[in-house]
């Protein structure tokens, strides 16, 4: 069984993305990792190249300014990395630049890949999500955060990155048929030093708002810190972080405290939580996949 990882990144150093930790977290699962490194203005390419002398294969890309809206450029870059995966690969392990897999989940992930490798009814594997916010101590607790997504897909079955690269589809816009596994993606996209987080949000003006990239990147930004307090509902994280994240967590130099008793959960979210607790499912949940 051959396993290839793939991801994309641009200006990870400038925007403080944990891309090194992301790639390191999938390296033990993979024979090779393909990384699409965009037209950076920092040392991202050197950072990625130094992670492993043999397993990392970088492809140089240029982000298409015509796709700077609704996150389409993210799917485009994902597809570039995916297209570079060797044909003899069986499974493709996807990770984004602010996501990290936990080493405790490796046995379950490997077992699932072996179990479903030759099952033609299974296109991919579905992961649970933990969305960290503000600091490494809190996770999102409202319905605004997606709970599951596909992060491992079979090769050579016409799979492509969908919309803003959150998930995948295949020929004729079909949803992938997936098996849910007991493994988590730790999503750290909302955990940065507050001033860096503000810069990242302005960068998102390009990726999701369609703003001109050159104009945004050359703009002299005010010395402003992102306001993490404007959030509806959080829970305390009581688990463990992946080992590759520990040095970054130890370097954290800001403080964020949130009174979880003052969560502003909407009536709709309360209803969803009750249904999930009593009936085992969450109504109205967006699912970009078909469970089999």
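What follows draws every value from the coordinates through simple rules; no lab data is involved. Given the structure is predicted, the values throughout are model-derived calculations rather than measurements. Here Cβ is always computed from backbone atoms with ideal geometry, including for glycine, and neighbour counts include all displayed protein chains.
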| Taking the mean number of other Cβ atoms within 10 Å as a proxy for protection, how do you rank 95-105, 116-126 from highest to lowest? | 95-105, 116-126
| task | Can you tell me the order of 5-11, 70-76 when each peptide is scored by its average per-residue count of other Cβ atoms within 10 angstrom, highest first? | result | 5-11, 70-76
| message | What whole-number distance in Å separates the alpha-carbon centres of the range 1-56 and the range 74-151? | response | 15 Å
| query | log₁₀ I(q)/I(0) of the chain at q = 0.09, 0.10, 0.16 Å⁻¹, via Debye over equal Cα point scatterers, no solvent, to two decimals? | reply | -0.44, -0.55, -1.49
| remark: Distance in nm between residue 119 and residue 268 label points, each 7 Å along Cα→Cβ, equals 3.4 nm
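Restricting to DSSP H runs of at least four residues, report the calculated mean residue ellipticity at 222 nm for the chain, -39500 (n - 2.57) per run over all residues, nearest 500 deg cm²/dmol.
-7500 deg cm²/dmol
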| Hey, rough spin-label estimate for residue 1 and residue 110, points 7 angstrom out along Cα→Cβ, what's it come to in nanometres? | 1.0 nm
| request: May I have the pair-distance distribution P(r) for the range 73-124, computed from all Cα-Cα distances with 5 Å bins from 0 and rounded to whole percent? | output: 4, 14, 21, 23, 21, 14, 2
| task | Using only alpha carbon positions, build the gyration tensor of the range 17-128, then give the equivalent ellipsoid semi-axes as the square roots of 5 times its eigenvalues, largest first, whole angstrom. | result | 25, 17, 14
| task | Give the peptides 252-260, 177-185, 51-59 in descending order of average Cβ contacts within 10 Å, highest first. | result | 177-185, 51-59, 252-260
| Value of relative contact order over the range 62-163, rounded to a whole percent, pairs C-alpha under 8 Å and six or more apart | 38 percent
